[in-house]
Amino acid sequence: MQLTTLLLILAAMAVMSFMVGRQRAIGTAGGYRQIKTLHSLPKYYGYYAAIWCGIPGLILIAFWLAIADSVILDRVIESLPADLRNLPESQLSLVINDIKNIAVGQFASPDSRAELVVAADLYTALHSSARRILSGLVILLGMIGLGIAWLRLRPELRARNHVEGMVKLGLVLASTLAIFTTVGILASVLFEAVRFFQKVPVTDFLFGLTWSPQTALRADQVGSSGSFGAVPLFTGTLLISFIAMLVATPIGLMTAVYLSEYATRRVRTWVKPALEILAGVPTVVYGYFAALTVAPLLGDIGEFLGLEVASESALGAGLVMGIMIIPFVSSLSDDVINAVPQAMRDGSYALGATQSETIKKVVLPAALPGIVGSTLLAVSRAIGETMIVVMAAGLAANLTANPLQAVTTVTVQIVTLLVGDQEFDSAKTLAAFALGLVLFIVTLGLNVLALQIVRRYREQYE
Amino acid sequence: MTSASSSSQDDVLSKVRASLDRRYKRERRFRLYGAASAILGLAFVAILFASIFSNGYTAFWQTHVQLDIYFDPDIIDPDGQRDPQALSGANYTKLVRNAMAELFPGVSGRRDRRALNGLVSSGAAYELRRMVLEDPAVVGSKRTLWLAADDEVDMLMKGYIDRNVPQSSRRIKDNQIGWIDELVGQDRVRQQFNRGFFTSGDSREPELAGIGGATKGSMYMLIVTFLLSFPLGIAAAVYLEEFAPRNRWVDLIEVNINNLAAVPSIVFGLLGLAVFINFFGLPRSAPVVGGLVLTLMTLPTIIIASRAAITAVPPSVREAALGVGASHMQMVFHHVVPLAMPGMLTGAIIGMARALGESAPLLMIGMIAFIVEVPGTPFDPATALPVQVYLWADSPERAFVERTSAAIMVLLAFLLVMNAAAIWLRKKFERRW
């Protein structure tokens, strides 16, 4: 039986239980006229019965989805001949993949051993019988649940409270999903990163100066180890982010100042949303813009000036990333500038300061913590930005501060290491997770710091 | 004493007067800087859109060549059985070649013939096959058909290829240009609306490549994302605003939500790869996995927006509901949530728009495979619109440049519609209490 069919059957049973429960409640109360003797509205008794019928089955299905495959695989591996069973971990996983592929009927490669076909048959057979047992169990559990609900339904049963308790449990679970996500990110990245650091020492990774993650296919090949010194990636990321901030901070800040201090209401209502468009454009569009329009333009300008500009220069990627971040800086700065109390401006005007003097000497210093916070948030955006650099920055890990040369970034390397097919436990793939860990920690740190600064500043004026 | 003070006053006054000019000048300059940076920002918007549009608008038309195709029964159906199997396996390319040879009887030699046949897209054969399979009666008849031209011909007709460049540095040769001019002279070349661009999947041949598959993949993904993130987001927001006690646990949840909103999207891709694909064994490249990853990514946005919408519902509504005897849960689900729904929906649409434009996490979970078929279910391998843009942007053919830009235009149009819907919703249902 297909899983979807099973779920549909379960849903139908729950609906039926709802009606049965409602009728039963009305029945026990002694007909419609006596409904007032019930503790809750009849529909709550229906929900109560439906919960008893459906939830245990759902839990069972979830449990089955989580463990069935690994249990069945264990049984299949046990059935394999000894020479296959005792293979090292990595080769065994290849064998398992073969078995699964044969079971699905994808490609039964002609040289696959007869044992594998047998194992695949066993795998399919176990799966289908497990599914049959599951279907039976789920339906049985539904019946039992309905039976229990039937027996418990009495007019004085506090059905609404029970149902609301279940709903509240659901709400709590939904809200903890955020924690599970964070834990999931940390666990997945950390787990693989630790495996990486077992192959490559942490110090080599953090302080090594050469990055060339090519690993050889055979152990005896020249240069088989690859080198995983991530410093060029860090400097490349910082260089591009620095260029981006150099573009975004002045333009964003001045725009915010102009819009909140000088512009008329009408200008503001038109210009602000128009700038926000920049924030809504997908980053892949910026990447394309950088690669197609900005990079050739920079090349031409460089040629004109007699400079050599790499076609995937850090400057091009940084400029475009800066454009992307402008609205981010400007809208956050706008908020903090508006939060500066008007009394401070009025005080400054009363002393005879011009508007620009007021802004420069009163408003901006007062808003400085907030501006610093929003800039930090923007920096964390720039560091984590992926598509622009993947499309417009290079792959070569150059350790340079020259913005006209090509550099590579952490995110570019994560993408290049993980895109495409490769075995999962090579140092090359695991390195991507180590980079991901660094990225996660750095951006998280920047965010926490920025929010702290912004919050402290806000308290001052409220 | 008086005179001294007045003289010092004069001194100050004259100093101030002398500096005023400078200060006003500085004021004007500062103001100019502000206006200039705002204009610069707007100029970036304009340049970005102009560059995309100018590169892409031509992709919505496609050059077609008119050919007199003779559906030769000897080629398509030598047995005369009209057996669908035989019909679908027949050599339709030969029909196109024959038609070309008929138009240009003077062309001989293998190389020239190949160049001549290269003028028509390899997709023309599929088009003919589709016609025959749909209606076997065409076999044996002669039809005048408009068939798609090769992408290089398309580029030439759209003026992207410079005829004055030496032959060796362009992909379309002089003799081919001569034939095209002859065809143009016979009125056998025209541009027509490029419907295939919207319906077909990816292809290595630019003239056959379309965004149909990617759009459908994106659609599946957004459906999964919406079905999961909207109820979950509302539930989480309702709990945090209405039921959560003030304690450390709830503080932890809130800090988590705020931080997740700022985690780089590629990290979510790593999570999807490690958890959904490697641990749970879900299929690679499937929109359903993409939807799951995007759900985790958009949840914080939706939760934050929904919480704002819930706080905006005035306490009087709550108190009135409680006053007539509703339980806390009834008060929330009968009154607060329906009143907050427009705000929640607005947040959800904005979250969906962000999810639609996202591509970095999708690269991690293998949605960048080259997939020709349009996916039929959320479990089939697929790609997404922004990822399609990324894939095409890497292709060397000139014709893919306009297609990439056109795909971006379609993507931006979707985003525009979604954001407009959000704004409309907010305007229409916004209530000031």
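Taken as a whole, the structure leaves B:GLN186 outside the set of residues that are farther than 30 Å from B:GLY376 by Cβ, buried (at least 20 other Cβ atoms within 10 Å of the Cβ) and out of contact with any Phe, Trp or Tyr (no Cβ under 8 Å at 6 or more places or on another chain). What about B:PRO283, is it over 30 Å from A:GLU164 (Cα atoms) and modelled with pLDDT under 90? Spelling it out, B:PRO283 is indeed over 30 Å from A:GLU164 (Cα atoms) and modelled with pLDDT under 90. Just name the residue that is surrounded by the fewest Cβ atoms within 10 Å (Cβ to Cβ) out of those in segment A:27-57 that are out of contact with any Pro (no Cβ under 7 Å at 6 or more places or on another chain) and not in a helix (DSSP H, G or I). The selected residue is A:GLY31.
For every residue, the table says whether it meets (1) closer than 17 Å to B:TYR70 by Cα; (2) in a helix (DSSP H, G or I).
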{"residue": "B:THR93", "(1), (2)": "yes, yes"}
{"residue": "B:ALA99", "(1), (2)": "yes, yes"}
{"residue": "B:SER108", "(1), (2)": "no, no"}
{"residue": "B:ARG113", "(1), (2)": "no, yes"}
{"residue": "B:TYR126", "(1), (2)": "yes, yes"}
{"residue": "B:LEU133", "(1), (2)": "yes, yes"}
{"residue": "B:LEU147", "(1), (2)": "yes, no"}
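Taking every residue in segment A:262-283 that is more than 8 Å from every other protein chain (Cβ to nearest Cβ) and pairing it with any residue that is in a helix (DSSP H, G or I) and modelled with pLDDT of 90 or more, at least 6 positions away or on another chain, the pairs with Cβ-Cβ distances below 6 Å are A:ARG268/A:LEU259; A:GLU276/A:PRO327; A:ALA279/A:PRO327.
Every residue, every condition in (1) of a type outside the set (Val, Ile, Thr); (2) over 29 Å from B:GLY80 (Cα atoms); (3) in contact (Cβ under 8 Å) with a residue 12 or more places away in the chain, yes or no:
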{"site": "B:ASP135", "(1), (2), (3)": "yes, no, no"}
{"site": "B:LEU145", "(1), (2), (3)": "yes, no, yes"}
{"site": "B:MET157", "(1), (2), (3)": "yes, yes, yes"}
{"site": "B:ILE161", "(1), (2), (3)": "no, yes, yes"}
{"site": "B:ARG170", "(1), (2), (3)": "yes, yes, no"}
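Does B:ILE371 satisfy the criteria of being touching a Pro at 6+ places or on another chain (Cβ under 6 Å) and either more than 28 Å from B:TYR239 (Cα to Cα) or in a helix (DSSP H, G or I) (or both)? So that I can check it myself, show each step before the final result.
Details: touching a Pro at 6+ places or on another chain (Cβ under 6 Å): yes; either more than 28 Å from B:TYR239 (Cα to Cα) or in a helix (DSSP H, G or I) (or both): yes.
Yes, satisfied.
Identification of helices (runs of 4 or more DSSP H) wholly contained in segment B:206-296 with 1 or more residues that are of a type in the set (D, E, K, R) and out of contact with any strand residue (DSSP E or B) (no Cβ under 6 Å at 6 or more places or on another chain) yields B:212-238, B:248-260. Filtered by the rule that a residue be surrounded by fewer than 19 Cβ atoms within 10 Å (Cβ to Cβ), within 14 Å of chain A (Cβ to nearest Cβ) and aliphatic (A, V, I, L, M), segment B:323-347 gives a lone residue, B:ALA326. Just one of (1) closer than 30 Å to B:SER327 by Cα; (2) within 8 Å of chain A (Cβ to nearest Cβ) fails for B:ASN247. It is (2).
Every test in (1) surrounded by fewer than 24 Cβ atoms within 10 Å (Cβ to Cβ); (2) more than 26 Å from B:LEU240 (Cβ to Cβ); (3) at pLDDT 90 or above is passed by B:LEU411 save one, and that test is (1). Does B:SER405 qualify as being farther than 23 Å from B:VAL288 by Cα, hydroxyl-bearing (Ser, Thr, Tyr) and either assigned to a loop (DSSP other than H, G, I, E, B) or touching a strand residue (DSSP E or B) at 6+ places or on another chain (Cβ under 9 Å) (or both)? So B:SER405 fails the test. Of all the listed residues (B:ILE39, B:ILE47, B:ILE52, B:ILE76), the sole one being more than 12 Å from chain A (Cβ to nearest Cβ) and not hydroxyl-bearing (Ser, Thr, Tyr) is B:ILE76. Would you say B:PRO386 is within 13 Å of another protein chain (Cβ to nearest Cβ), in a loop (DSSP other than H, G, I, E, B) and either touching a helix residue (DSSP H, G or I) at 6+ places or on another chain (Cβ under 9 Å) or surrounded by fewer than 16 Cβ atoms within 10 Å (Cβ to Cβ) (or both)? No; evaluated as a whole, the condition is false for this residue. Being hydroxyl-bearing (Ser, Thr, Tyr) and either exposed (fewer than 12 other Cβ atoms within 10 Å of the Cβ) or more than 42 Å from the chain's Cα centre (by Cα) (or both) holds for only one residue in B:SER51, B:SER7, and it is B:SER7. Look at segment B:339-352: where a residue is under 17 Å from B:ALA262 (Cα atoms) and a partner is hydroxyl-bearing (Ser, Thr, Tyr) and surrounded by fewer than 24 Cβ atoms within 10 Å (Cβ to Cβ), sitting 6+ places away or on another chain with Cβ atoms under 6 Å, you get B:GLY351/B:THR301. Within 12 Å of another protein chain (Cβ to nearest Cβ) and touching a Pro at 6+ places or on another chain (Cβ under 8 Å), is that true of B:LEU260? Yes. Is at least one residue of segment A:344-351 outside any helix (DSSP H, G or I) and either surrounded by 18 or more Cβ atoms within 10 Å (Cβ to Cβ) or touching a residue at least 24 places away in the same chain (Cβ under 8 Å) (or both)? Scanning segment A:344-351 turns up no residue that is outside any helix (DSSP H, G or I) and either surrounded by 18 or more Cβ atoms within 10 Å (Cβ to Cβ) or touching a residue at least 24 places away in the same chain (Cβ under 8 Å) (or both). The helices (runs of 4 or more DSSP H) falling completely within segment A:363-440 that include 1 or more residues that are among the hydroxyl-bearing types (Ser, Thr, Tyr) and surrounded by fewer than 24 Cβ atoms within 10 Å (Cβ to Cβ) map to A:364-384, A:410-418.
Candidates are the residues of segment B:145-182 that are closer than 14 Å to B:MET100 by Cβ and of a type in the set (S, T, N, Q); the one that is surrounded by the most Cβ atoms within 10 Å (Cβ to Cβ) is B:GLN176.
Here is the figure for segment A:375-387: residues that are of a type in the set (Val, Ile, Thr), within 17 Å of A:VAL281 (Cα to Cα) and more than 10 Å from chain B (Cβ to nearest Cβ) total 0. Among the numbered conditions (1) away from chain B (no Cβ under 11 Å); (2) surrounded by 22 or more Cβ atoms within 10 Å (Cβ to Cβ); (3) of a type in the set (D, E, K, R), the only one that A:GLU308 does not meet is (2).
In the set B:GLY376, B:GLY343, B:GLY357, B:GLY366, only one residue is within 25 Å of A:MET391 (Cα to Cα) and more than 11 Å from the chain's Cα centre (by Cα); that residue is B:GLY366.
The values are calculated or read from the model by the stated rules, or taken from the named source; none is laboratory data. Computed from a prediction, not measured in an experiment: that's the story for all the values here. Virtual Cβ from ideal backbone geometry, glycine too; neighbours counted across all protein chains shown.
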